[in-house]
Amino acid sequence: MRDRRKLLFISANRLADPYPVYPIGISYLQTYLRERCNWIETAICDMNLSDIESLKQRVRSYSPDYIGISFRNIDGANSLDRTSFIPGYKEIVEAVRESSEAPVIIGGAGFSVYPEIMYKILSPDYGIVGEGEESLRLLLEAIENNGTLNGIEGLISKETGGKVQYPHTKYLSSLNLSFDENLSDFYWEKSGMLNIQTKRGCCYNCIYCSYPIIDGRKVRTLDTDLIVNTLDRLYREKGINYVFFTDSVFNIHNSYNAELAEKIIKSGIKINWGAYFSPHNLTDDLMGLFRRSGLKHIEFGTESLCTEQMHRYGKNFSFDDVLRNSELCLKHNVFYAHFLILGGIGETEKTLKETMENSLKIRYSVFFPYIGMRIYPGTPLQRMAIKDGKISENDTLLEPTYYLSDDFSLERCRELASATGKAWIFPDDPLADDIERMRVVKKKKGLIWEYLRKP
């Protein structure tokens with residue numbers, strides 16, 4: 001019989017603004033390995049609940065045979081606070097190396113955008129880019145059996161020269177999910193929600209977006225029965241009645257979404273949910289079905305309220321779509337907010353004014369503007385920024401780097417937003433404190449920016 005091994009997962013994310021986010025990627029990995037590798041025991045150390053010294057103690061006391069570290073973000077994607085998380089990640093890896101001789105395997109969304117340079121900087125034994133469940137299983141099996149690493153998709157190691165030799169071609173469509181008991185209690189208390197995926201990948205062509213790099217362009221829908229079973233367990237065993245579906249865009253493949261909504265209704269669980277939506281590809285019937293299944297909040301990835309800018313950003317909708325679907329939310333009593341990118345490529349005083357004027361037509365919403373576009377490697381925006389002289393071809397973009405239009409003034413933007421009388425929440429507004437206070441006062445779970453809305 002094979003000796004039992006131990007794998008310690010570490011969630012390196014410490015970003016908690018406006019609220020801490022459950023490390024869902026690690027739970028998918030942990031569940032996948034538990035179902036297929038009965039020879040390995042797993043545990044999770046979350047840096048939202050730990051400091052460096054307690055991390056060292058956990059590693060030493062657990063004495064793992066393998067250590068997996070997930071890097072969710074490289075920075076806060078906020079041009080008004082360009083703090084890089086890389087120094088903190090180096091500190092975590094160094095603490096792990098000081099405390100254990102176990103092989104270190106790194107992955108996660110942040111790593112998947114910058115695999116080669118992060119592999120070089122952090123010096124792990126192995127890295128896995130993109131979807132990690134099956135690749136991690138194959139890697140562990142190969143190490144245990146002194147087998148070959150050839151053919152493992154997304155793998156980076158010394159043997160591969162610090163580069164991916166085999167990009168992903170095969171993807172999973174049936175994934176079970178179990179939440180860590182202690183972590184789910186913490187995040188339910190602090191965030192008022194847990195998060196689940198219903199699909200992976202993004203088929204859209206937004207010029208700035210890293211989702212197709214992280215998850216691929218092929219959209220894979222996950223098993224609806226398994227998702228509903230997870231929701232049922234959360235509701236009946238833990239009393240958790242709010243989840244956020246973390247798909248890059250929820251309203252892709254709406255026949256699948258309708259099937260999921262119908263199964264949630266049929267299950268009888270009284271759960272509320274929110275998700276990221278695109279402000280198009282919705283109908284009255286579909287919104288009604290979503291609402292009956294528990295949809296409470298929509299976060300629209302609108303990016304601009306000026307159609308010219310939307311199209312420049314690679315969006316395939318117009319302001320008419322935005323207005324129509326905003327009204328659809330109101331009709332079905334779904335709270336909604338618009339997330340915007342102001343000052344991005346091509347932004348002018350004219351396009352900015354059009355966004356502000358159009359905001360007056362949108363009722364009972366909240367606007368969350370980000371300033372400038374974070375430039376990620378491998379995106380059309382990177383190529384545009386090079387052409388426009390904003391960055392060089394040799395720029396790794398690991399340090400927070402943004403495309404800001406030369407015609408954009410943040411001060412003027414704030415003035416115009418304030419003049420609308422609408423609810424505009426800029427990235428440097430003290431939102432986290434307000435949300436925490438409202439969560440306590442209102443005793444609410446889930447997203448609660450609904451209390452910031454203005455007519």
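The values are calculated or read from the model by the stated rules, or taken from the named source; none is laboratory data. Nothing here was measured: the structure is a model prediction, and the numbers come from that model. Cβ sites come from the backbone with ideal geometry, for glycine too, and all protein chains shown count toward neighbours.
Give the number of residues within the stretch 16-42 that are within 26 Å of residue 87 (Cβ to Cβ) and surrounded by fewer than 16 Cβ atoms within 10 Å (Cβ to Cβ).
Count: 2.
Please count how many residues of the stretch 410-435 are surrounded by fewer than 16 Cβ atoms within 10 Å (Cβ to Cβ), more than 17 Å from residue 360 (Cβ to Cβ) and free of Cβ contacts under 8 Å to residues at least 40 places away in the same chain.
Of the residues in that region, 4 qualify.
For the stretch 86-108, give me the residue count where each residue is of a type outside the set (Val, Ile, Thr) and assigned to a helix (DSSP H, G or I).
Total meeting the criteria: 10.
Out of 177, 80, 136, 183, I need the residue that is surrounded by fewer than 18 Cβ atoms within 10 Å (Cβ to Cβ), touching a residue at least 60 places away in the same chain (Cβ under 8 Å) and among the hydrophobic types (A, V, I, L, M, F, W, C). Which one? Write out each step before concluding.
On the way: 177 fails: surrounded by fewer than 18 Cβ atoms within 10 Å (Cβ to Cβ); 136 fails: surrounded by fewer than 18 Cβ atoms within 10 Å (Cβ to Cβ); 183 fails: surrounded by fewer than 18 Cβ atoms within 10 Å (Cβ to Cβ).
Result: 80 is the single residue among 177, 80, 136, 183 that is surrounded by fewer than 18 Cβ atoms within 10 Å (Cβ to Cβ), touching a residue at least 60 places away in the same chain (Cβ under 8 Å) and among the hydrophobic types (A, V, I, L, M, F, W, C).
For the stretch 230-327, list the helices (runs of 4 or more DSSP H) that sit wholly inside it and hold at least 1 residues that are farther than 30 Å from residue 344 by Cβ and not small (Gly, Ala, Ser); which are they? Don't jump to the end; show me each part of the working.
Details: elements: 254-267, 284-292, 307-312.
Where helices (runs of 4 or more DSSP H) fall fully within the stretch 230-327 and carry at least 1 residues being farther than 30 Å from residue 344 by Cβ and not small (Gly, Ala, Ser), they are 254-267, 284-292.
Of the residues that sit in the stretch 350-366 and are closer than 16 Å to residue 454 by Cβ and among the polar types (S, T, N, Q), which one is surrounded by the fewest Cβ atoms within 10 Å (Cβ to Cβ)?
Here the residue is 358.
I want to confirm something. Restricting to the stretch 109-133 and keeping residues that are of a type in the set (Gly, Ala, Ser) and in a loop (DSSP other than H, G, I, E, B), which single residue is surrounded by the fewest Cβ atoms within 10 Å (Cβ to Cβ)?
123
In the stretch 78-116, what count of residues is obtained for those that are within 30 Å of residue 410 (Cβ to Cβ) and among the polar types (S, T, N, Q)?
To start, the set of residues in the stretch 78-116 that are within 30 Å of residue 410 (Cβ to Cβ) comprises 78-89, 109-110, 113-114.
Cutting the leftovers down to among the polar types (S, T, N, Q) gives us 78-79, 83-84.
Final tally of qualifying residues: 4.
Among the candidates 153, 144, which residue alone is surrounded by fewer than 18 Cβ atoms within 10 Å (Cβ to Cβ) and either out of contact with any strand residue (DSSP E or B) (no Cβ under 6 Å at 6 or more places or on another chain) or modelled with pLDDT of 95 or more (or both)? Outline the logic, then answer.
Working: 153 fails: surrounded by fewer than 18 Cβ atoms within 10 Å (Cβ to Cβ).
It is 144.
Please go through the stretch 119-157 and give me each residue that is under 23 Å from residue 41 (Cβ atoms), more than 21 Å from the chain's Cα centre (by Cα) and acidic (Asp, Glu), ordered by number.
Correct list: 125, 141, 144.
Among the residues that make up the stretch 385-405, is at least one of them under 14 Å from residue 353 (Cβ atoms), more than 21 Å from the chain's Cα centre (by Cα), in contact (Cβ under 8 Å) with a residue 24 or more places away in the chain and part of a loop (DSSP other than H, G, I, E, B)?
So far as the stretch 385-405 goes, yes, one or more of its residues are under 14 Å from residue 353 (Cβ atoms), more than 21 Å from the chain's Cα centre (by Cα), in contact (Cβ under 8 Å) with a residue 24 or more places away in the chain and part of a loop (DSSP other than H, G, I, E, B).
Residues to consider are 243, 219; find the one that is within 25 Å of residue 302 (Cβ to Cβ), out of contact with any Ser or Thr (no Cβ under 7 Å at 6 or more places or on another chain) and surrounded by 21 or more Cβ atoms within 10 Å (Cβ to Cβ).
Criteria check complete, one pass: 243.
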